[in-house]
Amino acid sequence: MASCCTQRRRSNRLLFVWIGAHAAGLFAVALLLFAPTTHAQQDMPTPVAGLATDARWLALLHSDGTRSGLTGSGLLLIEPFQGSHAELVATWQLLYADDDASNSESRCRYPARYLLIEEAIHGPTPIDPLAHCASLIDFIERAPMDRLQLAFAGENLLSASSMMGHTMLVLEGRNRDGVVASHAVSFFTVIDSINLPRVIFESLITGKPGYFTLTPYAEKRDHYVNVEARNLWRLTLAASGAARRRLQAHLHELRTAKLRYDFDSFNCATLTANLLRVAFPDTRFDGAMWTTPLDIMQAAAMAGLIESIDADLAPAWEYRMLRRQRADLDRTAKATASQRRHLELQLDASVADYQASTGQLDAAHWAARMAAIQAQQPPSTEPPIPVDARLAPYNAPQDSQWRGGAGYDGQQSLISVGFLAAGHRLIDSSSHTFGEYDLRIGDIDIDCALRDSHCRLQQLTIYSVASLLPYDRVVGGSSWNLALGAEPQVDDDGAWRTVPSLSGGLGHSLMLSRSVQLFAQGRGGVGYHLGRAFLYGGPVVGGVLSVGNSAKLIATWQRDANPLGQHHHVDQIRIQSLYRLNRLTGIVLEGRILPGRGHDASRSVLSVVRYF
């Protein structure tokens, strides 16, 4: 009996607790419904709510709407990121709370967000509402932005880390002292290990520490041009005053952010793309699959944002450009003696710069040479020689591509498909530079035989770099290559086998005319087949015929000794031709024959290539 009474009393207590809890909940809801609402608790105005999908708001969050590159940076109000709308609500509540002191501090912490919301409510807003933000005003006065430039540091084929180039912003204007100041806004990481698996894991999975810096542009220029021998191209962009103010405010927000650098999703290109979207929300700067520095340059050009082009050129590159301009001037009957003399003096100066950069000329002798050149300038000084816009990097083909076509391998018809993740094939147009080159990461071709209904790997390139830079008596130049991957080699029976290999070559290249180039190399490598390694190698000679940026033909002959480690030699003739239909599409014909090996060892494919 006692047990039964105890259970009943417990049931009664549970019933009272249940009723009390629900009553308290209803009372709390009533308080929320009928209590006076603060400004921050009110619904956001419709124009503000619409910012959740606005390109400018997404750019401030470095987000596509669902993910943010600022995760873990200390800038997001909601961690982990819950979407652009949730971050907008949190920002509204923070910046428009009833506490004026809190408002002032928060608005100075997030000035770009505040300016964007104010613009949505009241229209274009000057920087004056943030005049009390001492740190922001100091930043604006020290790094003024009367002019906004997009800068691109080109690759140096001798440096693998420079392969995709580097992009950054340059801010220029008169500072508080009335002096024209120029600053570079850059984002990068440091590869501090030779442990390749670790570098790959950190770069693609965990991310590496990113460094977001604002430094005098002169420091960046000297490093890239004089130390790394890379060209710095600067495109002045047509940015409105409101766009520059908004961007400047966002740069101030990022100064204290702890950013992570991910090679595939949050790098110098993706961050620059987001910064530019703050100023140019109607332009898409990101690539189709991933974003590279070249994508951003080409997007700015295609959108018509470029007002002017400037460049700080590596000495050897500047010398080659001036040599080309002199050749153009020689073909112009209207060129005056003064123009020719001016160009010759510029060439002399570029030679002195190159010799100084390579240690052939010390500082004292360089200064004396430059003074002598300056003294020879004619009284009616010609205007500075402009940079050849045809050589600007945005004229290069886009740096990813897929290929698809049909062909014949000597025995049956086949379908061939290929994909290049990033880079530039030797057959692609090189009219934007002074020599042919190959620069690839992740390139693959697969052949599928129609009669046998099977597919096989034709070639795989993990990493490849090659240069056919013509020799010049002043700045030199060489023909060389290095490749890691899997290449096709022929066995004793004339059958092709694709085997892992590491190869390289060195030689000489000669430019016969603007369109015709010849080269010769000695090539060698190590391969792996049937459980053992083998050495192979031999000579390669060839020529390149280019017609502007619309067509190209490459013909080569090579002899491989000891292919597949089978102690014989194979002669191979290859012909490749490209015809570009438009900026994004081309047709490529590739043929390969082995003299003396019969028809069965040949291969020919006609493909369509699509750049993206």
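At a probe radius of 1.4 angstrom, the accessible area of the range 308-348 per residue rounds to 50 square angstrom. Cross-link partners of Lys220 among lysines, defined as those whose alpha carbon lies under 25 angstrom from its own and excluding same-chain residues fewer than eight positions apart: Lys208, Lys258. Taking only protein heavy atoms into account and a 1.4 Å probe, give the accessible area per residue of the range 46-132 in Å². For the range 46-132, the per-residue accessible area is 43 Å². Tilt of helix 337-357 relative to the longest C-alpha principal axis of the chain, in degrees (0 to 90, nearest 10)? The helix 337-357 is inclined about 80 degrees to the chain.
Seen from every direction in turn and averaged, the convex hull around the alpha carbons of the range 463-563 projects onto 7.6 nm². Think of the chain as having a plus end and a minus end, set by charges on the Cβ of Lys, Arg, Asp and Glu; of Thr272, Gly476, Val351, Thr272 sits farthest toward the positive end of this dipole. With the convex hull drawn around the C-alpha atoms of the range 396-611, the volume per residue stands at 114 Å³. Grouping the Cα pair distances of the range 315-386 into 10 Å bins from zero gives a pair-distance distribution of 19, 47, 29, 5 percent in increasing distance order.
State the percentage of accessible surface on the range 46-132 attributable to carbon and sulfur atoms; use a 1.4 Å probe and exclude ligands, DNA and RNA. So the carbon and sulfur contribution to the accessible surface is 53 percent.
Over the range 499-612, the ratio between the Cα radius of gyration and 2.2 N^0.38 Å evaluates to 1.23. Here the spin labels are modelled as points 7 Å beyond Cα on the Cα-Cβ line, and at Arg340 and Val541 they lie 3.7 nm apart. If you wrap the tightest convex hull around every Cα atom of the chain and split its volume per residue, you get 262 Å³. Using a probe radius of 1.4 angstrom, the carbon and sulfur fraction of the accessible surface of the range 408-556 is 65%.
For Val541, the shell of other residues with beta-carbons less than 13 Å away shows a net charge of +2, using +1 for Lys and Arg and -1 for Asp and Glu.
Here the calculated FRET efficiency for Ser550 and Arg473, from their Cβ-Cβ distance with R0 = 25 Å, stands at 0.20, rounded to the nearest 0.05. Each other residue within a Cβ distance under 9 Å of Asp146 adds +1 if Lys or Arg and -1 if Asp or Glu, for a net charge of +2. Under the simplified labelling scheme, the His122-Arg597 pair shows an inter-label distance of 7.6 nm, with each label point 7 Å from Cα along Cα→Cβ.
Solvent-accessible surface of the range 403-517, averaged per residue with a 1.4 angstrom probe and all protein chains in place: 41 square angstrom. In percent, rounded to a whole number, the relative contact order of the range 396-611 is 17, using alpha-carbon pairs under 8 Å and six or more apart. Projecting the Cα atoms of Ala86, Ala97, Gly69 onto the charge dipole of the range 46-132 (Cβ charges, centred on the Cα centre) puts Gly69 farthest toward the positive pole.
At 10 °C and 1.306 mPa s, what whole-number value in µm²/s does Stokes-Einstein give for the translational diffusion of the range 140-312, with Rh from the Kirkwood sum over Cα pairs? If you can, show how the numbers build up before the last one.
Details: Rh = 16.6 Å.
The estimated diffusion coefficient comes to 96 µm²/s.
Here the peptides 482-488, 583-589 are ranked by packing, the mean other Cβ count within 10 Å, and the order with the highest first is 482-488, 583-589.
The share of alpha-carbon pairs in the range 46-132 lying farther apart than 18 Å comes to 41%. Both the radius of gyration and Dmax for the range 281-348 are 17.9, 52 Å, in that order, over alpha-carbon atoms. Each residue of the range 566-576 was assigned a 3J(HN,Hα) from its phi angle through the Karplus curve 6.51 cos²θ - 1.76 cosθ + 1.60 (θ = phi - 60°); the sequence is 9, 6, 9, 10, 10, 8, 9, 10, 10, 10, 10 Hz, with glycine and proline shown as x.
The values are calculated or read from the model by the stated rules, or taken from the named source; none is laboratory data. What you are looking at is a predicted structure, and each value in this text was computed from that prediction instead of being measured. Cβ: placed from backbone, ideal geometry, glycine included. Neighbour counts: every protein chain shown. Just the protein is used for accessible areas: all its heavy atoms, side chains included, with ligands, DNA and RNA removed. Shrake-Rupley method; radii C 1.70, N 1.55, O 1.52, S 1.80 Å.
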